[in-house]
Amino acid sequence: MLDRTKAPAINPVELIHFVAPERIEVGSITELLWVKEVDDEAVKIDFIFNAGKLRDKKIVAELTGELLLSGTPEMTSTEFNEAIDALGGFVNIEVGSEDATVSIYGLTTTIAELIPIVMDAIINADFSQKEFDQQLQTLKQGFLIAQEKVSTIARRAFVEKLLGNTDYGRLTQLEDFSSVDRTILVDFHAAYYLKGLMKICVVGNIEPAIIEELVQRAKYLSAEEEHSFDYPFETKPACVYVKKDGAVQTAIRVGRILFNRKHEDYIAFSVLNTIFGGYFGSRLMSNIREDKGYTYGIGSGVAQFRESGYFFISTEVGKDVADAALAEIKKEMERLATEVIHVEELERVRSYSIGKLLKGSDGPFAMMDRYLAVERFGMDLSHYDEVIQTIRTITPERLQELAKKYLVWEDMIVVKAG
Amino acid sequence: MIHFEKFTLANGLRVLFHRDPTTPMAVVNTLYDVGARDEDPNRTGFAHLFEHLMFGGSVNIPDFDGPLQRAGGESNAFTSNDITNYYDSLPAHNLETALWLESDRMLSLAFTSQSLEVQRSVVIEEFKQRYLNQPYGDVWLEFRPLAYKEHPYQWATIGKNIQHIEEATMEDVKAFFKRFYTPSNAILCIAGNLELDYVKSAVEKWFGEIPSVQVPKRSLVQEPVQQEYRIKTIERKVPSDAFYYGFKMPGRTEEGYYTTDLLSDVMGRGQSSRLCVRLKKELDLVAEINAYVMGSHDTGLLMISGKANEGVELEQIDIEIWRVIEELKVAEISSAENQKNVNKVRTTKVFSEQGILNKAMALCLHELFGDANGINLESELYDQITPKEIWEKANGILHEKNCSRMFIKAV
């Protein structure tokens, strides 16, 4: 008879294979990265431009990105969309703080035709008044809808307190929608797209000739200089409450300025973060969701910037238990500093984290992301050996030390909205 | 082409295996043939609440997630109106840990009152977070009962209201488990760099001794053919007016499902679709407009939805939507327009089947439809659809008496 109370033997993960993409020079600081080990027809190409929201008013960067593929003097936006759709392709644009990414999704059989259509649209984008007006309206509607959410209200208040003295802290205001016009976008496009291509990332099993042609086309867009990401990051602890009538839940954000991957404590702190709020079995989830039932979900993390980063906790809880939830968050934070973590819990986090790393390195798309996550900070894949080493060897004492240093309730910005 | 092997245990559990030598991970996906449509109309939201309880410990193992995390894995699940699907992913050499955990909760749960009380609160917070505390969050709570008068699709998976979740008892929980959580009502798929013989013996070891229980055959009230145009307008404190149209269409495995899917693409998938070009680009009436199918297993809905531009009346949008519909009923679309949508379906399929988790889920779903190999036949089915069939479908379903329309007026 099978003894079901006994767990099957568990074997540790021995080795994780990290494969660097092939690197091809495009311009003086622009590169093409290529992962070609794809076992089906899927092809994804990302063009990363130095055209993030730090470069101008947030709304200017967003609108320029959104309108990038909305027509040229030769081709209306509908004609462009027809051409992409006819090939079964998809395009997407993401405008982040530090950069903007244009993505093409296609198949090995169609990608060679998709590339020139998209690149032509990027290069010759003309930001017609009609397209501008339509996009502004869409963006404004999205803005107004988001403003109704307690999660957005809390995030904005948090960002304002945390990053208000840097360009990362710029928030879009309703007035911005009436102060922007198409000529501002034309200038932004010229400065940050036509001379702003930083990187091309290709995942796909395609012919080298296609890559070669892509490199030739992309040369003209290559960035000539890196822009600055340096700002005076510092946390001034604060408590903010934003009232929202009729809300049945309260959104909570807690956090502080911290650091990014380049910092010597980053990897170790990531382990501490996993324990605190970084996975389903975390202290925050176990207490505030699985014991108290205050929320559908709660988590913590480290958001990274090029020259800094911040730690945050994020949740939405029942309106009547918001203060009780905050008290528990504080208690859990203090518990990490006052009590040494139990070996059994640490072992679980070690195994979980290594498994997560293995899963996050599975397949060509994941491998590209893995590479970019370190390359962005001037590191290479050997960084992950250090990650694995730290996860395997970090001690309870070291984790407690880090909690005492970085997870101090009095250092935090605390925001409630609801 | 997704290769797979299939075998069935003596207790009725259907098992699929997909071998992928390129990944170090393994996936264990378990689909239970139970969804919100199987609920008692007076106890809705139950299939989903139950999904939460499946993580609250099983008969021999007090904690589900801990042992999986110790094996380097993680897990999650989702509930729809039609199915409940659980998945674990972990390093392939620890496969047995997932089989141990999944088989024990198929055998029986711990049924602790602590788990029920906590998950009841968690689900109520989920209800608030997703349906009540968001602009437009309650759309489906309002729209479903308009479109469905008899069929249990009239309620959302979260349930009709919070009271039903508040009133759930341990007795209900146990009865639900007994009725639906049995080997013959489940489909298991294992994917990873593993050998068939090993998978067979490991599955037999952990699942083989679970007793076989006959599941009563599903007999749901089917939705009678709609006979009237159903119109409803609600007022909400939202930034923009919004509109929702639902046309009854064939269920997922019924004749005409794929044709209707392509018809919805012609109407409103992407920026070059008919509705988008006319109402957004040419007439400036809407900030967004889409058409899509819900993918329901029983009689489903082809939806058109979107949001009005500032200062535009919904009545004006309504006229233009019906104008586009009438055009589709008059002339067949060109073969180029048809091919465009078939090509998009093809790309979407390649990307949506990336990775072993997506493959395992899709295999289970197709097995539920009758044959896991259906996953490999879909592309060809789309390829064969002609503009004439789409035109016939448009004439068959795109009319007022088959339509439910809801407006949200911003106040």
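Between A:GLN129 and A:THR338, what FRET efficiency comes out of the Förster formula 1/(1 + (r/R0)^6) with R0 = 56 Å and r the beta carbon distance, rounded to 0.05? Don't skip to the answer; put the middle values down first.
Details: r = 62 Å, r/R0 = 1.11.
For A:THR338 and A:GLN129, the calculated efficiency is 0.35.
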Practice item. Would you mind pulling out the separation of the Cα centroids of the stretch A:199-255 and the stretch B:160-209, in Å? Key: 41 Å
Review point. Which ³J(HN,Hα) values, rounded to whole Hz and listed in residue order, are derived for the stretch A:250-258 from phi using the Karplus coefficients 6.51, -1.76 and 1.60 in 6.51 cos²θ - 1.76 cosθ + 1.60 with θ = phi - 60°, glycine and proline given as x?
Key: 10, 8, 10, 10, 10, x, 7, 5, 10
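What full-extension length gain, to one decimal in nm, is calculated for A:ASP369 and A:GLU212 as 0.36 nm per residue of separation minus the Cα-Cα distance?
Result for the pair: 54.3 nm of gain on full extension.
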Exercise for review: Based on alpha-carbon positions alone, could you give the equivalent ellipsoid semi-axes of the protein assembly as shown from the gyration tensor, as √(5λ), descending, whole Å?
Suggested key: 38, 36, 29
Practice item. Per residue of the stretch B:138-152, in order, report the coupling 6.51 cos²θ - 1.76 cosθ + 1.60 (Karplus, θ = phi - 60°) as ³J(HN,Hα) in whole Hz, putting x for Gly and Pro. Key: 9, 3, 6, 5, 8, 7, 4, x, 6, 7, 10, 9, 10, 5, x
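For the residues A:MET379, A:MET367, what sequence is obtained by ranking on other C-beta atoms within 10 Å, fewest first? Spell out each step's value before the answer.
Details: A:MET379 15, A:MET367 21.
Exposure proxy ranking, most exposed first: A:MET379, A:MET367.
Test of understanding: ordering B:HIS48, B:HIS18 by Cβ neighbours within 10 Å, fewest first, what list do you get? Don't jump to the answer; show the numbers that get you there.
Numbers: B:HIS48 25, B:HIS18 22.
With the fewest neighbours first, B:HIS48, B:HIS18 line up as B:HIS18, B:HIS48.
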Point to revise | Whichever lysines have a C-alpha closer than 22 Å to that of A:LYS319, once near sequence neighbours (fewer than 8 apart) are set aside | key: A:LYS149, A:LYS243, A:LYS244, A:LYS292, A:LYS330, A:LYS331, A:LYS416, B:LYS128, B:LYS160, B:LYS237
Review point. What residue among B:MET361, A:GLY299, A:ILE84 has its Cα farthest toward the positive end of the dipole of the protein assembly as shown, where the charges are +1 on Lys, Arg and -1 on Asp, Glu, each on the Cβ?
Key: A:GLY299
**Study point:** Overall dimensions of the stretch B:263-411 as given by Cα atoms, namely Rg and Dmax in Å
**Key:** 17.2, 51
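Please arrange B:HIS3, A:HIS189 by counting, for each residue, the other beta carbons lying within 10 Å of its beta carbon, fewest first.
Values: B:HIS3 11, A:HIS189 22.
By the 10 Å Cβ count, ascending: B:HIS3, A:HIS189.
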Study note, to complete from the structure: Taking every residue of B:71-80, the Cβ atoms of other protein chains inside 10 Å of its Cβ average out to 4
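Output the antiparallel fraction of DSSP beta bridges having both residues in chain A, as a percent to the nearest 5.
On the way: 48 of 59 bridges.
In chain A, approximately 80 percent of DSSP beta bridges are antiparallel ones.
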Practice item. Could you go through the stretch A:27-32 in sequence order and give the Karplus-derived ³J(HN,Hα) for each residue, using 6.51 cos²θ - 1.76 cosθ + 1.60 with θ = phi - 60°, rounded to whole Hz, and x for Gly and Pro? Key: x, 4, 10, 9, 10, 10
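Let me know the mean shielding of A:347-353 by other chains, meaning the per-residue number of their Cβ atoms within 10 Å of its Cβ. Please list the in-between numbers first.
Working: counts 2, 8, 2, 3, 9, 10, 2.
Per-residue shielding by partner chains comes out at 5.
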Point to revise | Set of the stretch A:390-418 residues, backbone N closer than 14 Å to the point 7 Å along the Cα-Cβ line of A:ASN165 | key: none
Review point. Within 10 Å of each Cβ of A:73-85, how many other protein chain Cβ atoms are there on average?
Key: 4
Study note, to complete from the structure: For chain A, longest principal axis from Cα atoms; helix A:129-147 axis from its Cα atoms; angle between them, nearest 10 degrees, is 10 degrees
Exercise for review: Select from B:LEU262, B:PRO224, B:PHE243 the residue farthest towards the positive end of the dipole of the stretch B:223-272; place +1 on Cβ of Lys and Arg, -1 on Cβ of Asp and Glu, and compute about the Cα centre.
Suggested key: B:PHE243
Review point. Using a simple charge model, +1 on the beta-carbon of Lys and Arg, -1 on the beta-carbon of Asp and Glu, nothing else, what dipole does the stretch B:292-375 show about its Cα centre, in debye to the nearest 20?
Key: 520 debye
Revision key, fill the gap. For B:LEU377 and A:ASP39, extending 7 Å from Cα along the Cα-Cβ vector and measuring point to point gives, in nm, a value of 2.5 nm
Review point. Points 7 angstrom from Cα along the Cβ direction at A:VAL408 and A:CYS239: gap in nanometres?
Key: 1.8 nm
Practice item. Putting +1 on Lys and Arg Cβ atoms and -1 on Asp and Glu Cβ atoms, find which of A:ASN287, A:GLN147, A:ILE123 reaches farthest to the positive end of the dipole of chain A. Key: A:ASN287
Review point. Picking from A:PHE365, A:PHE127, A:PHE90, which is most flexible by a Gaussian network model of chain A using Cα springs under 10 Å?
Key: A:PHE90
Study note, to complete from the structure: With a Förster distance of 30 angstrom and the Cβ-Cβ distance between B:SER108 and B:ASP197, calculated FRET efficiency to the nearest 0.05 equals 0.55
Revision key, fill the gap. Filtered hits (aspartates and glutamates, Cα-Cα < 17 Å from A:LYS405, offset >= 8 within chain) -> A:GLU234, A:GLU264, A:ASP265, A:GLU332, A:GLU334, A:GLU339, A:GLU397
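If you place +1 on the Cβ of every Lys and Arg, -1 on the Cβ of every Asp and Glu, and leave all else neutral, what size is the dipole of the stretch B:181-240 about its Cα centre, to the nearest 20 Debye? Working shown, then result.
Details: 8 positive and 7 negative charges, 92 e Å.
Here the size comes out at about 440 debye.
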Review point. Among B:SER121, B:SER296, B:SER58, whose mean-square fluctuation peaks in a Gaussian network model of chain B (Cα, cutoff 10 Å)?
Key: B:SER121
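Quick one: divide the alpha-carbon radius of gyration of chain A by 2.2 N^0.38 Å and tell me what you get. Please report the intermediate quantities before stating the final value.
On the way: Rg = 23.6 Å, N = 418, 2.2 N^0.38 = 21.8 Å.
In units of the 2.2 N^0.38 Å rule of thumb, it is 1.08.
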**Study point:** Distance (nanometres) between label positions extended 7 Å along Cα→Cβ at A:ALA7 and A:LYS219
**Key:** 5.8 nm
Exercise for review: For A:THR315, list long-range residues whose amide hydrogen, built 1.01 Å from N in the peptide plane, is under 5 Å from its own amide hydrogen.
Suggested key: A:ILE252
**Study point:** Cα centre as origin, Lys/Arg/Asp/Glu Cβ charges: the stretch A:177-237 dipole, Debye
**Key:** 160 debye
**Study point:** Gaussian network model of chain B, springs between alpha carbon atoms under 10 Å - residue of B:VAL27, B:VAL225, B:VAL139 with greatest fluctuation
**Key:** B:VAL225
Check your understanding: Using r as the Cβ-Cβ distance of B:GLN214 and B:ASP138, and R0 as 56 Å, what FRET efficiency do you calculate, to the nearest 0.05?
Key -> 0.90
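The numbers here are math on the coordinates, done by the rules we state, and not lab data. Please read these numbers as outputs of a predicted model, since none were measured by experiment. Here Cβ is always computed from backbone atoms with ideal geometry, including for glycine, and neighbour counts include all displayed protein chains.
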